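Working notes, beginning with the structure itself.
The values are calculated or read from the model by the stated rules, or taken from the named source; none is laboratory data. Bear in mind the structure is a predicted one, so any value in this text is a computation, not a measurement. Virtual Cβ from ideal backbone geometry, glycine too; neighbours counted across all protein chains shown.
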Amino acid sequence: MNNLTPKNWIFIKQRITPYLFLLPALVILVLTVFWPALQAFYLSFTRYEYDLTQTPQWVGFANFHRLWGDPVFWQTLGNTVLYLVGVVPILVIAPLALAILVNQKLRGMHWFRAAYYTPVVISMVVAGIAWRWLYAENGLLNQLLKGIFTEGIPWLTSPRFALFSVMAVTIWKGLGYYMVIYLAGLQSIPADIYEAAAIDGSDGVRKHWDITVPLMKPYLALVAVISAISATKVFEEVYIMTQGGPRNSSKTIVYYLYEQAFNNLEISYACTIGLVLFLIILGLSVLRLSVNGVST
């Protein structure tokens, strides 16, 4: 304590003060994120269901053995992978084309940007109800199709179409969000590069292939990882539009977790599913961090 001079005390205060400002947020994170996550990890190795007033009983890897032999889980995992394959490529490519379009210096272009971004700010509940009406047997889409074909398409009631119909809503809602990310990247590209490329004969659509795509690779990778994580965690669209049906054809991992936890009250089994989902998202998050590291 004798060595604690006023100069040293000021230095210590400067080092400690930032952490004191971070302490309230850290306490909130511990209470709302980290502690519940640790509890869920513990419950995945126990039996804690139906009568939630009883103490959880340790069962080891019994829930994981059950998960391994659960055909519904594997079906939902397949649906989730199909969701990734169907949604992510479109959300990587289409918003870039849209961003290139709205990046043009034309009169009234800001109105087009606002129009394309509008689905992002619409609540998923409102969007899901609106699309469910569009997909209905006598909805607008089938009314238009009946003018061309004799019958409409069972968008949400057929196992062949239900998952893809939900995918379309995710794509529609995500286009504007990822467009803004690409737009920020496009506006950081100097116009001199395009002018130099035009002198070398790279103009029109070719300039985007020669200049835009290579310079936008970090943004492309970032959007791919973010959209993959979002597609893995999809829930609202499924809950509002299909409830996982018909015959589990549109049920994803998150919806199956919700169903086990809140409908069947199998909390331990739901925590086991959540642990598997956590590992999947953790892998995608690590990929995102590595992409950020490469881009910087």
Pairs where the first residue, in segment 86-107, is farther than 18 Å from THR212 by Cα and assigned by TED's automatic domain parsing to the domain that holds MET216 and the second is assigned to a loop (DSSP other than H, G, I, E, B) and among the aliphatic types (A, V, I, L, M), C-beta under 9 Å, 6+ apart: VAL87/VAL234
Those residues of segment 124-137 which are closer than 16 Å to VAL238 by Cβ and assigned to a loop (DSSP other than H, G, I, E, B), in sequence order: none
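Each row is one residue, and each column tells you yes or no for (1) hydrophobic (A, V, I, L, M, F, W, C); (2) assigned by TED's automatic domain parsing to the domain that holds ILE229; (3) surrounded by fewer than 13 Cβ atoms within 10 Å (Cβ to Cβ).
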site: VAL121; (1), (2), (3): yes, yes, yes
site: MET124; (1), (2), (3): yes, yes, no
site: ARG132; (1), (2), (3): no, yes, no
site: GLY139; (1), (2), (3): no, yes, no
site: GLY152; (1), (2), (3): no, yes, no
site: PRO159; (1), (2), (3): no, yes, no
site: LYS173; (1), (2), (3): no, yes, no
site: GLY176; (1), (2), (3): no, yes, no
site: VAL180; (1), (2), (3): yes, yes, no
Residues of segment 138-166 satisfying the condition of being part of a helix (DSSP H, G or I) and over 12 Å from SER249 (Cβ atoms): LEU140, LEU141, ASN142, GLN143, LEU144, LEU145, LYS146
Enumerated helices (runs of 4 or more DSSP H) restricted to segment 6-76, each holding at least 3 residues that are of a type outside the set (D, E, K, R) and surrounded by fewer than 12 Cβ atoms within 10 Å (Cβ to Cβ): 6-29, 35-43
Some residue of segment 183-198 being under 30 Å from ALA228 (Cα atoms), in a helix (DSSP H, G or I) and not small (Gly, Ala, Ser): yes
Members of segment 142-167 that are under 25 Å from the mean Cα position of the chain (by Cα) and of a type in the set (A, V, I, L, M, F, W, C): TRP155, LEU156, PHE161, ALA162, LEU163, PHE164, VAL166, MET167
